Amino acid sequence: LIDAANEFASYPGLQNDDSAKEFLSRYPLPVMISCLQSEEDVPGLEISLVSCLERVFKTNYGASLIPHYMSFVQVGLQATSQPVRCLACKVISYLLENVHLIILYPLLINCLTNGDELVAAASVDSIINLAKFPEGIEIIFPNLAFRCSSQARVRVLALIAKLFSISVDMASIVYNSNLLDLLVAEIQNTSDVLMTLSALELLYELAESPHGTQFLLRTSLLKLLTSVLRNTDADSILRSRAMIISGRLLTSVKNIVLAIDARLQDTDEYEIALEALGRIGASTEGATLLFSPIARHLVKAAFHHKGRGKQLAALHALGDIVGGNQTELSSDSEECLRQLIYATAADTSKLTPSGMFLSVLQQEPEARLAAYRVISGLVGRSWFLLEIFSSNKIINRITDETNKRGMEARYDCCIAISKALSSSNLLNDPSVKETIAKLEEAIKRGPYLAKGEAQPIVVTAERF
C-alpha cells in the first residue's frame, strides 16, 4: 500500500478520473481511511497515504466520493496528526456548496487557530474559497472566533485581511461585520509590541488593496494612527510603520501630515518620515497638501549635503511628488513649488536651481540616480526647463553618465527633457542649438550605450 500510494502521489503529471478509479479499485477508500485511523505505527504510512489521498481528491471522481465520507473529514479536522488535519482542511475546498459545511466550519476555524503553519494555511485557503459562495459567506462571518492566543489572533486578522482584499463586495461585508474593529483593538493594545506591529503590517496590506481607503477611512484607524505618531513613549518601530501606512493611506488629512512633519525633528526616524511624505505626495491631492511648510522641509533636505542617507531619501520623496503619477497640480501649488525651489537654491552656495542640481549630479551614482528622477518630473515646467538650458553643464553631465544603473535613468531623463522641449519656444533658440544636439545624440545612443562607445556595424562578409 505504501509503495502504491507513493507511486500515485509522485506521478509527475495530473492524475485523471480513470487513474483515480483504477487506484481505488485496488485500494478502496475505506481501507485507506482505516489505515490512517489505525493506532499501529507503520513508518512512512501516514505521509504516503495523506499525499496520495490529496491527489485522489483533486480529481472530479475523488471529489464526488467525499460527501459519502463526511465522518472521516469531521474526525480528520480534530485529529492529533497535523498532516491528517491538513488533508481534511484541503478536502473541504471540494465541498464548497455542501450543507455539511455548517457543521465543519467551527472545526476549520479551530485548525486555523490551533494547527501548525501548514494546517493553518490549508484552512485559510478553504475559508477564502468558501467565502466566494453566498452560502459560505453566511457561515463565515457570524462565527469568526477571536478569544485565543496572540499567534491565533494574528492568523484570524490575516484571514480578515485576505477576505477584505477579494473584492469591494467582500470588503463591504467585512466592514459591516465590524471585523475591522478587531484590528483597531490590537493596534490600541500597545503592551504587546510584536502583536501591535503584526496588526500594523496587516493594516498596510488592507491599505494596499484598491478599495482599502474608502473603507478604512470610515473607521477610527485614522485617529488611531495620529495617536501612535504623537505618542513619544511608543516604540520607534511602531511610529515608523504607522508613518508608512499613513503615506499609503492618506492624501488629504492634515492632522496625519502634521504629525509626520513633527517626526522630521527626530533623527532616528527622519528618513522614514521623508519616505512617508513622498508616498503622500505621489498623488495630486497629497502633493497639493504638502505644498506648505512641510514641503519646504523636504526640499531643503533634498539639497542638504550633510547626512547623505537623509538627502537620498528626500530626493526620492521629491521625485515622487513632482513625478508623472499625478495629474496637473493647481496653480497655487505650482507657484509654491517654484518658489520653494528658488528659495532653497538661494540658501545654498550655488544660488540658482541649475547650480543646485548640477551640484547633486556631481555626487556619487546613487545621488545622481535620484536627481534624474527629480529632473524628469520637474522639467515639464517651463521655468525649470529654462534653468536646465541656462547653462550647458547640466546637459553635459547628464549625457556623460557611465554608471550602469544611472544610464537607464539618464536616458529616461533625456527623453523627459526632449518631450518638454518639443512644446517650448526653446526648440528654435539658436543659443541652445548645440546643447539640444548633445541631448538628441544621447537619446540616439539609447539607455545602455555610453558616450564615445563604439557601436557595432553589421556588414556583408567579404569572400576570399
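With the structure loaded, tell me whether P83 is in a helix (DSSP H, G or I), at pLDDT below 85 and either hydroxyl-bearing (S, T, Y) or in contact with a helix residue (DSSP H, G or I) (Cβ under 8 Å, 6 or more places away or on another chain) (or both) or whether it fails that test. Let's see the steps before the verdict.
Details: in a helix (DSSP H, G or I): yes; at pLDDT below 85: no; either hydroxyl-bearing (S, T, Y) or in contact with a helix residue (DSSP H, G or I) (Cβ under 8 Å, 6 or more places away or on another chain) (or both): yes.
No, not satisfied.
Check region 347-355 and report whether any residue there is among the aliphatic types (A, V, I, L, M) and either within 26 Å of the chain's Cα centre (by Cα) or part of a helix (DSSP H, G or I) (or both). No. Just to be sure before I move on: is S330 open to solvent by 60 Å² or more (accessible area, probe 1.4 Å), touching a residue at least 24 places away in the same chain (Cβ under 8 Å) and not β-branched (V, I, T) in the structure I sent? Spelling it out, it is not the case that S330 is open to solvent by 60 Å² or more (accessible area, probe 1.4 Å), touching a residue at least 24 places away in the same chain (Cβ under 8 Å) and not β-branched (V, I, T). Would you confirm whether any residue within region 231-247 is touching a His at 6+ places or on another chain (Cβ under 9 Å) and modelled with pLDDT under 80? Looking for residues that are touching a His at 6+ places or on another chain (Cβ under 9 Å) and modelled with pLDDT under 80, one finds none in region 231-247, hence no.
With the structure loaded, tell me whether K21 is closer than 24 Å to I92 by Cβ, open to solvent by 60 Å² or more (accessible area, probe 1.4 Å) and touching a Leu at 6+ places or on another chain (Cβ under 9 Å) or whether it fails that test. Considered against the rule, which asks whether it is closer than 24 Å to I92 by Cβ, open to solvent by 60 Å² or more (accessible area, probe 1.4 Å) and touching a Leu at 6+ places or on another chain (Cβ under 9 Å), K21 comes out as no. A317 meets the stated requirement of being at pLDDT 80 or above and outside the structural domain of S246 (by the TED database).
Considering T59, T80, which residue is among the hydroxyl-bearing types (S, T, Y) and over 20 Å from P106 (Cα atoms)? Break it down stepwise before answering.
Working: T80 fails: over 20 Å from P106 (Cα atoms).
When all the criteria are applied, what remains is T59.
If I filter region 229-237 for residues that are crowded, with 17+ Cβ neighbours inside 10 Å, closer than 19 Å to R153 by Cβ and out of contact with any strand residue (DSSP E or B) (no Cβ under 8 Å at 6 or more places or on another chain), do I get at least one hit? Checking region 229-237: not a single residue is crowded, with 17+ Cβ neighbours inside 10 Å, closer than 19 Å to R153 by Cβ and out of contact with any strand residue (DSSP E or B) (no Cβ under 8 Å at 6 or more places or on another chain).
Just to verify a result, which residue in region 36-53, among those that are open to solvent by 30 Å² or more (accessible area, probe 1.4 Å) and under 45 Å from the mean Cα position of the chain (by Cα), is nearest to A122 (Cα to Cα)? Break it down stepwise before answering.
Of region 36-53, the ones open to solvent by 30 Å² or more (accessible area, probe 1.4 Å) are 37-44, 46-47, 51.
This time we only want the ones that are under 45 Å from the mean Cα position of the chain (by Cα), so: 37, 43-44, 46-47, 51.
On the way: Q37: 21, P43: 24, G44: 22, E46: 18, I47: 16, S51: 14 Å.
Among those that are open to solvent by 30 Å² or more (accessible area, probe 1.4 Å) and under 45 Å from the mean Cα position of the chain (by Cα), it is S51.
The values are calculated or read from the model by the stated rules, or taken from the named source; none is laboratory data. Computed from a predicted structure; not experimentally measured. Neighbour counts run over all protein chains shown; Cβ positions are idealised from the backbone, glycine included. Only protein heavy atoms, including side chains, enter the accessible area calculation; ligands, DNA and RNA are left aside. Shrake-Rupley method; radii C 1.70, N 1.55, O 1.52, S 1.80 Å.
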